[in-house]
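Presented below is the structure to which this report refers.
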């Protein structure tokens, strides 16, 4: 048989055939063969270890459920890289939508705090000055919690993981910080 007619990835094709024949355990061999390649694709754009790990896992889940779409005798490496790039594009689009929703949430939160604090007055400059002054008085831990939640947009669960706390505890702490900020802002605005 001429070299050009051999499958570019005979080992992968053999394993894929086994998986399609019902030996689902063999898929672990595919993961071992291609995880470094998929990792490099994900890590190049995500630059976050946890996000990269999650994406790599999802790529192999996608590949497993769509394995019947792979044409035996073609290049499995090219196929899995395409699956990885498609998953990455989907995650990026989802992240962009989440960022937009988070920006809208932040704007609404700022408006709500402003409305609660100003009691209907429209004095945005005074509010922002008071907010800045009050934020400077926060402890480093409290300032960090607010930054993670409202500037980086992390969920309570994610903040809890990084701080070794429960999501409920993080939510309560942030709620108390917001109450202290509101009181501080109100005091500054009533003095002016």
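Quick notes on this one:
- Positions within region 15-45 being over 16 Å from residue 76 (Cβ atoms), free of Cβ contacts under 8 Å to residues at least 40 places away in the same chain and touching a helix residue (DSSP H, G or I) at 6+ places or on another chain (Cβ under 7 Å), in sequence order: 39, 43
- Flag if residue 1 is modelled with pLDDT under 90 and either in contact with a helix residue (DSSP H, G or I) (Cβ under 8 Å, 6 or more places away or on another chain) or over 30 Å from residue 186 (Cβ atoms) (or both): yes
- Exclusive hit being more than 17 Å from residue 15 (Cα to Cα) and either in the same structural domain as residue 149 (by TED's automatic domain parsing) or over 13 Å from the mean Cα position of the chain (by Cα) (or both), set 41, 80: 41
- Per-region count, region 43-56, residues exposed (fewer than 14 other Cβ atoms within 10 Å of the Cβ) and in a helix (DSSP H, G or I): 3
- Counted residues, region 135-172 - those being farther than 23 Å from residue 99 by Cβ and touching a helix residue (DSSP H, G or I) at 6+ places or on another chain (Cβ under 6 Å): 2
The values are calculated or read from the model by the stated rules, or taken from the named source; none is laboratory data. All figures in this text were calculated on a predicted structure; none of them were measured in a lab. Counting neighbours? That spans all protein chains shown, and the Cβs are built from the backbone with ideal geometry, glycine included.
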